[in-house]
Amino acid sequence: MTSNKPCNCSNKTRTACGNCSRLRMVFLMSYTLGNIQNPVYYSFQAEDRKFNDERQVATQMLGRLVKLHRGHFFKIAVYDNQTAGKPKLFEFTKEDV
């Protein structure tokens with residue numbers, strides 16, 4: 001069952017959309033940074049079309065986004081963004097990266 005939320009994005013673009021993207025990646029940040037929010041990223045739609053396996057899409061996202069946070073996270077959770085209930089697919093720890 002997919003989400004039927006109205007969306008204005010174009011499926012032809014490379015953008016990441018909270019409604020249309022296949023994966024949602026949440027960086028669980030280190031507690032030493034203080035009280036900050038965990039950043040959430042969505043997969044690019046071009047990568048969703050290019051790769052059939054969710055783990056390949058997550059690996060592409062991970063390679064791109066891990067540099068932004070410079071190791072200030074302890075876990076990365078990956079969720080299915082198109083299934084109702086948004087189930088967790090898998091997670092990466094800091095040692096996996």
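Quick note: the coordinates plus some simple rules give every number you see, no bench work behind them. Note that the structure is a prediction, hence the values are computed from the model and not measured. In this analysis, Cβ positions are derived from the backbone assuming ideal geometry, glycine residues included, and neighbour counts consider all displayed protein chains.
Quick rundown of the values:
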read-out: For the stretch 76-89, 3J(HN,Hα) per residue [Karplus equation, 6.51 cos²θ - 1.76 cosθ + 1.60, θ = phi - 60°, Hz, x = Gly/Pro]; value: 10, 9, 10, 10, 7, 8, 9, 8, 4, x, 6, x, 6, 8
read-out: Neighbourhood charge, 11 Å Cβ-Cβ cut-off, centred on SER30 and excluding it, Lys, Arg +1 and Asp, Glu -1; value: +3
read-out: ALA46-LYS94 pseudo-label distance in nm [points 7 Å out on the Cα-to-Cβ vector]; value: 3.3
read-out: Candidates per GluC sites (Glu not before Pro) in the stretch 30-97, loop by DSSP, up to 14 other Cβ within 10 Å; value: GLU95
read-out: Placed amide H near PHE73: partners under 5 Å, 5+ positions off or other chain; value: SER30
read-out: At 1.306 mPa s and 10 °C, Stokes D of the stretch 27-97 from Kirkwood alpha-carbon radius, µm² per second; value: 122
read-out: Only Lys, Arg (+1) and Asp, Glu (-1) charged, at Cβ; the chain dipole about Cα centre in debye; value: 280
read-out: Cut-off of 10 Å, at most 12 other beta carbons, DSSP loop: longest stretch of the chain lacking such trypsin sites (Lys or Arg not before Pro); value: 15-69
read-out: Of GLY85, MET25, CYS7, farthest towards positive along the dipole that unit charges on Lys, Arg, Asp, Glu beta carbons give the chain; value: CYS7
read-out: Cβ-defined net charge surrounding TYR41, 11 Å radius [Lys, Arg +1; Asp, Glu -1]; value: +2
read-out: Net +/- balance of residues flanking PHE92 in space, Cβ distance below 11 Å, scoring K and R +1, D and E -1; value: 0
read-out: Average Cα contact separation per residue, the stretch 23-93, under 8 Å, 6 or more apart, as relative contact order %; value: 38
read-out: Rounded to whole Hz, the Karplus (6.51, -1.76, 1.60) HN-Hα couplings of the stretch 42-55, x for glycine and proline; value: 10, 6, 5, 5, 5, 6, 4, 6, 6, 10, 8, 8, 5, 5
read-out: Residue-averaged 222 nm ellipticity for the chain, from DSSP H runs of 4+ at -39500 (n - 2.57), nearest 500; value: -7000 deg cm²/dmol
